[in-house]
Each structure stands twice: as structure tokens, then as C-alpha cells.
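The block underneath contains the structure these notes are about, expressed in C-alpha cells.
The values are calculated or read from the model by the stated rules, or taken from the named source; none is laboratory data. As the structure is a prediction and not an experimental result, all values here were calculated from the model. All Cβ positions, even for glycine, are placed from backbone atoms using ideal geometry, and neighbour counts span all protein chains on display. Calculation scope for accessible area: heavy atoms of the full protein, side chains included, ligands and nucleic acids excluded. Shrake-Rupley method; radii C 1.70, N 1.55, O 1.52, S 1.80 Å.
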Amino acid sequence: MKIKKSLFDRVFSGVNGLLLLIIMFICVYPMIHILAASLSEASAIASHRGLLFWPKGFSLDSYGLVFENPYILSGYGNTILYVVAGTLLNLVLTTMAAYALSRHQNRVRQAVMLGITFTMYFSGGLIPTYMLINNLGIANTRWVMLLPGAVSAYNLIIMRTYFAGVPAALEESAKIDGANDFTVLARIFVPLAKPVIAVMTLFYGVGHWNAWFNASLYIQNRDLLPLQVILREILIQNSTQNMTTSVEGFDKMMVAETVKYATIIVATLPILALYPFLQKYFVKGVMVGSIKG
């Protein structure tokens, strides 16, 4: 049965729809501008002013120049390694810790959670952290991108909340049949926690993909730098000389601008392509713990 809406309801819905369209445009337009500029001819972009919704001319020269930079390819490889290895390490440690801290028979779980929560508000600071990294001997190695942030306290609390909602009867029946804690975790909790694990994969994966601060502090070997540090050099320090050596004079300045846009697209496209596969789990996962019954 179709319910007839009042005039106020129709106006309210229309205004909401309009506001949402405006917000969507504000969020999406920067990416449209960058994509259109990266596909445009350098001379056309240099003379263009105002909004840009489609390429001015069409050229893929900027993308060709981007991949001529050897550090772009090595940075891509390093970033993919850090994302895959780091996310796997994060998920394993976070899942195991969340399971242990969600079990009521664990008498020290409240004290441990208090200590973990404390780290969300207070830290040792940058200088003590730098000294610790050096003393551990992981500075200027790949481990410095994996170990310091191996477990996020916020993500651990989300997963612990999800595990705490799993009926205790499932665990008890499995242990009566002879299952140990590792079997219970792998055979019962992990399959039931697919939505929250998908969300954790997205959170950790995006975090590793965008990570640049630790690399800029602790890594001096350019062969180990992730893509985001190379991108930062190109965008902030205007370091495009490795990609425009074949261009002369004023044309070099114009091409450098389109190269920056192309570099942004190259750096962000993979992580944007990953999101649609996890989107169906995203809403369900982030709502964990929001409803109590």
C-alpha cells in the first residue's frame, strides 16, 4: 500500500536530496578535475582557468612520463609489499588479541584493555619512539613500516566488541568436542566475523597505502621508500626532474603540472578500485557495538 506524502514531507525529501547532491559534488569533483587534467594536453591545462569536467584535448603523455621515473615503479612495489604483508600481520595479531580479550574466563582482560586504551590518549612522543626504533635495529629496513603499527587499539576494540557478541554456547560446545582455542578461533569466530574482518582489511590496507610519515623519518634508502613518499616529493617539493628530462624550456613547466595530476591518479586508483569489493561489508562492520539489546 502506497502512503501518500504530505507537502512538508515532499519538500523535506527534496531539500535533503539537493543537499546530498551538493555534498556528493563537493566530494567527487576534485577527483574529476584531477583525472581530466591528467588526460589533457599540457599547453591546454596551462592556459585553462576555472572548473574542469573533461580533458582539454586528450593525451596520455603524462602517464608515460610518470612511469619513466624509476622510483615510481620501485615505490609501487614497496607499497604493495607493505600493504599485503602489513595488513596480514595486522589482521592476525588483532584477531588473536581480540579473541583473547573477549573471553570472560580471561581474568586479566580488563587490566589489559585499560592499558591498550591508555595508548589511544597518551604516547611516548616522537623522540622516544625514534630512539626505540634505532635501538631495535629496524631503522632503514622494511620492518619499520610493519612492526610499529602492528595493532591499532581502535580496531582491536571494534573486533573485541564483535567477538564478545558471539554466543558463548558455540565456544563451549566446540570445547566439549575437544577443540582448543586456536580451533575455536579459526573454525567458529573467524567465519562469523567476516564483515568486521573485511572492514579491518579496508582500514589497515588504506592506512598502509597512505603511510609516508614513518618512511620519511626512518628510511634513508630510496629503494625502500613507499609510493606516497615519492608522491609527496613530486607534489610538495616539485621534484619532477626525473620525469621531464626529455622536455625543454617552458614546455617542461607545463608538462610538470600534468605529470603531478597523473601521479595522483596512479597513486590513488588501486585503493579506490579495492573499495567496491568491501563496500557491502563496510556498513555492517562499522555498526558493530552501536546497538545494544
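Helical runs (DSSP H, four residues minimum) scored at -39500 (n - 2.57) apiece and divided by the length of the chain put the mean residue ellipticity at 222 nm at -22000 deg cm²/dmol.
Remark: spin-label model distance Leu235-Asn221 equals 2.7 nm, labels positioned 7 Å along the Cα→Cβ axis. Of Leu235, Leu18, Leu101, the residue with the greatest mean-square motion in the GNM of the chain, using alpha carbon springs below 10 Å, is Leu18.
Could you tell me whether the range 1-141 comes out rounded, prolate or oblate from its Cα gyration tensor? Rule is a ≥ b ≥ c as square roots of the eigenvalues, rounded for a/c under 1.5, then prolate if a/b exceeds b/c, otherwise oblate. Cα axes put the range 1-141 in the oblate bin.
Accessible area per residue (1.4 Å probe, heavy atoms of protein chains only) ranks Arg232, Arg10, Arg107 as Arg107, Arg10, Arg232, with the largest value leading.
Under a no-solvent Debye model with one identical scatterer per Cα of the chain, what's log10 I(q)/I(0) at q = 0.09, 0.13, 0.15, 0.16 Å⁻¹? Evaluating at q = 0.09, 0.13, 0.15, 0.16 Å⁻¹ gives log10 I(q)/I(0) of -0.65, -1.06, -1.19, -1.25. Its Cα gyration tensor gives the range 129-188 an equivalent ellipsoid, and the semi-axes of that ellipsoid, as √(5λ) in whole Å with the largest first, are 37, 14, 8.
With r defined as the distance between the Cβ atoms of Ala153 and Tyr130 and R0 fixed at 25 Å, what FRET efficiency is calculated, to the nearest 0.05? Calculated value: 0.75.
Packing around the peptides 30-39, 192-201, 257-266, 164-173, taken as the average count of other Cβ atoms within 10 Å per residue, puts them in this order, highest first: 257-266, 192-201, 30-39, 164-173. Here r is the Cβ-Cβ distance between Glu68 and Ala164 and R0 is 45 Å; the resulting FRET efficiency, rounded to 0.05, is 0.30.
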